[in-house]
Amino acid sequence: MQEDFKSLKPEQLEVLKQLLGETDNVQPPDVSDWFDGKQIDEIDFGEYLLRKKERKCIHGKLYDLDGEISDEVIRKEILDEIRPYQKTNVAKMVDRILGTLKLMCQCEMPPIKEDRVHFSNGTYYLDGTFTEEKEWTMNRLPVRYDPDAPKPEKWLAFLNDLLEKEDIPVLQEFMGYTMIPSNRAQKMLLIIGKGGEGKSRIGRVLRAILGDNMNTGSIQKLENDRFNRADQEGKLLFMDDDMRMEALPSTNNIKSIVTMEDKIDLERKGKQSVQGYLFSRIIGFGNGSLKSLHDQSYGFYRRQILLTTKDRPADRKDDRYLGDKLIRETEGIVLWCLEGLHRLVRNGFEFSISDRARKNLENLMENENNIISFLNSAGYVRREEGTYASSRQLYAAYRKWCEDNLERPRAENTFKKYLNENAETLGLVYDKNLPGRNGKTVRGFRGIHVEVRTE
């Protein structure tokens, strides 16, 4: 053994020999800088680990050049190093060293660069060039970039069976969109079916491409749990594989995550909140659309892309191994995704949303908010330049429409609030001084006229 190890106890040397499989050619690690024969110097040990492999800590999470490292992986690495020397309070020592290591390599989040994708074998730039050189990132993908990967025939056949042809391009663009840290498109993607169509296999493919850069969970929890938002820091995608049917009590968190382009408050249990960036996109699969209990605003719906699947053929025989077969085409699917990403960027981050998908969203909005159905009805109101109607007249016409269509009318304040918040989208202008009876002025909207008798 080396001279530095003379201070070790016999049993420690024996364990070290067994771990190393002692031979004349194997040299023990240099521990003299961090172990004095009695105790471990945590600072010196941390420096020893950082000399072996550079790491950075960002908001309590460790990263190396290949991406995020879980605390469990680091704990195991620490344990393997100190096992021959630390015989008591081992778990506490491991946690102390982990905490010390995080403090020693604490740093700011690296710059967000939207013009490149970090693959396991190098960096792909959106100008089409690729280099094997790696740079620091929070989002290295576990998949290789292979420009010669074969065309993913099974994947394309699967999508053809799952979606209408005109809806496949938007999925291609969205999957490519998740490979870069950007929220510029300001959309989330929802894919709805009756069940059994195979939607969840898209999630398996995304996991193969994104790895730990993707979180899974419930959109309801993402909205309602104030700590959940912090878990999305540094992630590229949040996926809900089985959206629940009940309506969301609020939508503030989801709307902010989808459109966030600046720092946001991130709160973790038992820790001081910090300001951080979120660029996690949202994708959901389910048997019903995403609904809100109180928010029927255009702002909530405009953030959604709603695709519906083809019906599952009654005589179809499912391939239980299809997911595995699709994953084997991952490198080819990556090229397919990059094609969609390039198209999305060329179009100024505007998705190729089909007329069918637009109609899906319009139908959802009308089903969830009967005020929209009323405004689109014939014989009750007419939207026309140069006309006007008081808020009282409009609400009376709305109640009449609800009575005729067996609908439950919303409260007056809800009705007026919806018109105020969506006036520009509806082509209306709020006016506090519309002409009323007997020379009085009333509040209402220009650009709309009531056609039905309300008195």
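The values are calculated or read from the model by the stated rules, or taken from the named source; none is laboratory data. Because the structure is predicted, anything quoted here is derived from the model rather than measured. Positions of Cβ are backbone-derived with ideal geometry, glycine not excepted, and every protein chain shown enters the neighbour counts. Please note that ligands, DNA and RNA were not included when accessible areas were found on the heavy atoms of the full protein model with its side chains. Shrake-Rupley method; radii C 1.70, N 1.55, O 1.52, S 1.80 Å.
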- Note on the structure: In the stretch 66-105, residues that are within 28 Å of the chain's Cα centre (by Cα), at pLDDT 90 or above and either more than 18 Å from Tyr48 (Cβ to Cβ) or outside any helix (DSSP H, G or I) (or both) total 5
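If I filter the stretch 106-113 for residues that are modelled with pLDDT under 95 and assigned to a helix (DSSP H, G or I), do I get at least one hit? Explain how you work it out, then say what you get.
If we filter the stretch 106-113 for residues that are modelled with pLDDT under 95, which is where we start, we get 106-113.
Narrowing further to those that are assigned to a helix (DSSP H, G or I): none.
No, the stretch 106-113 contains no residue that is modelled with pLDDT under 95 and assigned to a helix (DSSP H, G or I).
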- Query: Can you pull out the residues in the stretch 248-260 that are loosely packed, with under 15 Cβ neighbours inside 10 Å and part of a loop (DSSP other than H, G, I, E, B)?
  - Reply: Pro249, Ser250
- Message: Testing Ile180 on (1) free of Cβ contacts under 8 Å to residues at least 40 places away in the same chain; (2) open to solvent by less than 10 Å² (accessible area, probe 1.4 Å), one condition comes back false. Which one is that?
- Response: (1)
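What residue, of Asp241, Asp212, is under 12 Å from Leu141 (Cβ atoms), more than 11 Å from the chain's Cα centre (by Cα) and open to solvent by 30 Å² or more (accessible area, probe 1.4 Å)?
Details: Asp241 fails: under 12 Å from Leu141 (Cβ atoms).
Result: Asp212 is the single residue among Asp241, Asp212 that is under 12 Å from Leu141 (Cβ atoms), more than 11 Å from the chain's Cα centre (by Cα) and open to solvent by 30 Å² or more (accessible area, probe 1.4 Å).
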- Message: Here is a check on your reading of the model: is Lys359 basic (Lys, Arg) and either open to solvent by less than 80 Å² (accessible area, probe 1.4 Å) or at positive phi (or both)?
- Response: no
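For every residue, the table says whether it meets (1) assigned to a helix (DSSP H, G or I); (2) without any contact (Cβ under 8 Å) to a residue 40 or more places away in the chain.
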| position | (1), (2) |
| --- | --- |
| Lys134 | no, no |
| Pro142 | no, no |
| Ala157 | yes, yes |
| Asp167 | yes, no |
| Met175 | yes, no |
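Given the stretch 261-353, what strands (runs of 3 or more DSSP E) lie entirely inside it while holding 1 or more residues that are of a type in the set (Lys, Arg) and open to solvent by less than 60 Å² (accessible area, probe 1.4 Å)?
The strands (runs of 3 or more DSSP E) meeting that bar are 281-286.
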- Task: Could you pull out the residue among Asn369, Asn376, Asn433 that is at pLDDT below 90 and open to solvent by 20 Å² or more (accessible area, probe 1.4 Å)?
- Result: Asn376
- Message: Among the residues in the stretch 415-422, are any among the polar types (S, T, N, Q), touching a strand residue (DSSP E or B) at 6+ places or on another chain (Cβ under 7 Å), at negative phi and open to solvent by 70 Å² or more (accessible area, probe 1.4 Å)?
- Response: no
